[in-house]
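To start, the structure under review is shown below, and the notes come after it.
Read the figures in this text as sums done on the coordinates, not as results from a lab. All figures in this text were calculated on a predicted structure; none of them were measured in a lab. Glycine gets a Cβ as well: all are built from the backbone with ideal geometry, and neighbour counts include every protein chain shown.
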Amino acid sequence: MNPQDILITIAEISIGLAGFSGLVAAFTHKSERGWRSDQKTRIVFLIALSFGMIVTSLLPFAISDWSTEPSHVWGIPMTLYSSLVLCLLAYWIVVSRKNGYTIQFPYASYPIMVIGAFLQVLVLLSGLGIMMPYSPGLFVLGFLGILVFGANVFLALLNTIWE
């Protein structure tokens, strides 16, 4: 399977993650229970993560129409997405600390967050042409790490709703 096929699959999975997040939000709102701050933050985080993943996983196809240079086709989407994810992770850490959010599943969440952040740093370095320049395989690996992180955040959201 080539990276382009995998990127299409990742875009489809991201659409599903955003959709399920929307469903959870709708059902929680329909129950006339107000959303807690941590639940709102998780929903917005998941939707931003998902839409960022959708756009950047499809971006290589759009860019390849006007350039075949790997630094454009792979470097631009890799740099954009890894920057977005690292900023979202930093935002999540700051907001959760500031507001005292409880980390759900800490024995799984912390390692997943560290591995996801490490992979995004590698993707950023690759997207900038510093290390393993413009590696589509690394881009896909970075997406998979964030999909696992997104699934963890989604399960944490469900856990907070079912409390």
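Quick notes on this structure:
- One decimal place: the segment Leu86-Ile115 gains 9.2 nm when fully extended, by the rule 0.36 nm per residue minus the C-alpha distance.
- Each of Glu12 and Trp162 was given a label point 7 Å from its Cα along the Cα-to-Cβ line. The distance between the two points is 2.7 nm.
- Angle in degrees between helix 3-30 and the longest Cα principal axis of the chain, rounded to the nearest 10: 20 degrees
- The C-alpha atoms of the chain define a longest principal axis, and helix 76-99 lies at about 20 degrees to it.
- In this label model, Ser71 and Phe51 are separated by 3.1 nm, measuring between points 7 Å along each Cα→Cβ vector.
- Largest GNM mean-square fluctuation among Pro106, Pro77, Pro136, using the chain with Cα springs under 10 Å: Pro106.
- The calculated FRET efficiency for the pair Asn99 and Leu128, based on their C-beta separation and a Förster distance of 41 Å, comes to about 0.80.
- Positive-end ranking of Met113, Trp162, Met132 along the dipole of the chain, with charges on Cβ about the Cα centre, is headed by Trp162.
- Under the combined filter of DSSP loop state and at most 14 neighbouring Cβ atoms within 10 Å, the stretch 39-72 retains these chymotrypsin sites (Phe, Trp or Tyr not before Pro): Trp66.
- Helical runs assigned H by DSSP (4 residues or longer) give the chain a calculated mean residue ellipticity at 222 nm of -28000 deg cm²/dmol, each run adding -39500 (n - 2.57) before division by the residue total.
- GNM flexibility winner over the chain from Ala11, Ala117, Ala151 (Cα, springs under 10 Å): Ala151
- Cα shape, the chain, gyration tensor, a/c 1.5 rule: prolate
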